[in-house]
């Protein structure tokens, strides 16, 4: 999920704020070693491992300058939703479902060079207003589209629609006989 690219991009940047890599995933050991090796000798890069204190995670996301989201497979990612809900400005890997979840209210990158350029712009302060706007838009997106009651209501409506469609199809087939 592009953690290695993010570490390389950050290391090549002029950013002075720390890169905090949170989490542990079932990556192969060679990948974990490569990520840690890429960060070697750079005191700006910190690895926390898994953090399971939910309030602490919200504080990390909400107080971070940005949240780097490198996931390129799957769909609606819980970490991305959590970061947005906490008010993080998102730097998301360039794939359609990240654009959809964020409603294009993020900065997108498709390789380490683009991410390095974003880190460099952020380091100069030239993106401060844009990041502030993205933080507000992230939270608003979550409030408007990712609330449990709303999501369950949408699922219920979909299931009812599918059921009614199948029921009507069965009636029509029975009438033809």
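Just a few scattered comments:
- The length gained on full extension between residue 79 and residue 52, counted as 0.36 nm times the residue separation minus their Cα-Cα distance, comes to 8.5 nm.
- Using the Cβ-Cβ distance between residue 172 and residue 72 with R0 set to 35 Å, the FRET efficiency works out to roughly 0.20.
- When 155, 31 are sorted by how many other C-beta atoms sit within 10 angstrom of their C-beta, beginning with the fewest, the order is 155, 31.
- Counting every other Cβ atom within 10 Å of each residue's Cβ, 35, 151, 7 order from fewest to most as 151, 35, 7.
- Estimated FRET transfer efficiency when R0 is 30 angstrom, pair residue 126-residue 40 (beta carbons, to 0.05): 0.50
- Exposure proxy ranking, count of Cβ atoms within 10 Å, fewest first, for 145, 2: 145, 2
- Gap separating the Cα centres of region 54-71 and region 74-130, nearest whole Å: 12 Å
- DSSP finds beta bridges in the chain, and of those with both partners inside it, around 0 percent are antiparallel.
- Where only DSSP H runs of four or more residues are counted, the chain gives -19000 deg cm²/dmol as its mean residue ellipticity at 222 nm, each run worth -39500 (n - 2.57).
- Taking a ≥ b ≥ c as the square roots of the Cα gyration tensor eigenvalues, region 84-177 comes out prolate, since a/c reaches at least 1.5 and a/b is larger than b/c.
- Additional length obtainable on full extension of the chain from residue 100 to residue 136, 0.36 nm per residue less Cα span: 11.3 nm
- Distance between the 7 Å Cα→Cβ label points at residue 165 and residue 33: 5.0 nm.
Computed from the coordinates by the stated procedures, all read-outs in this text should not be read as laboratory data. None of these values were measured; they are calculated from a predicted model. Virtual Cβ from ideal backbone geometry, glycine too; neighbours counted across all protein chains shown.
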